[in-house]
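Only one structure is covered here, and it is reproduced in the block below.
The values are calculated or read from the model by the stated rules, or taken from the named source; none is laboratory data. If you're wondering where the values come from, they're calculated on a predicted model, not measured in any experiment. Neighbour counts are summed over all protein chains in view; Cβ atoms, including those assigned to glycine, are modelled from backbone coordinates with ideal geometry.
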Amino acid sequence: MKIITALSATLLLASHAFAQAPATSAASAPAPVKPVTPAPAAAPATPAAPTPPPAPAFAPANLTPAGVRSMSATCSSCHGTNGVSAGGAIAGLAGLNRDYFIIQMKSFKEGKREATLMHQIAKGYTDAEVAAMADYFAAQKR
């Protein structure tokens, strides 16, 4: 606000002084000032492509025996504790052939086998985690 006030006062004084100045003849008039042409504007800088955010730092797979037991425990709500199914509606995983387990999880992951939830659940596991759970369930008693 101070700058605007100071600028206004300067312009007011200059216009007042100009109005008070005596008129000059054409002979004594100063030579016209050649207008200054501004230098050509530099080409606008190309905006840099936005930097993608860093990849999230997920924890590495916990493939210790306790970690595999913990991962496999998430299956218990549908497939029973340690993969032993209580009923026949949902297949048990205990004693399942390791290679068959891996093939089925891959089929769920790729959407080649129909399921209500397993296609989403399977996508959450890496190949190493699936192989570790396959070993775990293959070792369980039916």
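The number of residues in region 75-121 that are free of Cβ contacts under 8 Å to residues at least 24 places away in the same chain and either of a type in the set (Gly, Ala, Ser) or touching an Asp or Glu at 6+ places or on another chain (Cβ under 8 Å) (or both) comes to 12.
Does region 100-111 contain at least one residue that is in a loop (DSSP other than H, G, I, E, B) and at pLDDT 90 or above?
First pass over region 100-111, keeping only residues in a loop (DSSP other than H, G, I, E, B): 111.
Next, only the ones that are at pLDDT 90 or above stay: 111.
Yes: region 100-111 contains one or more residues that are in a loop (DSSP other than H, G, I, E, B) and at pLDDT 90 or above.
Results for (1) surrounded by 12 or more Cβ atoms within 10 Å (Cβ to Cβ); (2) touching a Ser or Thr at 6+ places or on another chain (Cβ under 8 Å), shown as yes or no for each residue.
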residue: Ala66; (1), (2): no, no
residue: Ser77; (1), (2): no, no
residue: Ala89; (1), (2): no, no
residue: Glu110; (1), (2): no, no
residue: Ala115; (1), (2): yes, no
residue: Met118; (1), (2): yes, no
residue: Met133; (1), (2): yes, yes
residue: Ala138; (1), (2): yes, no
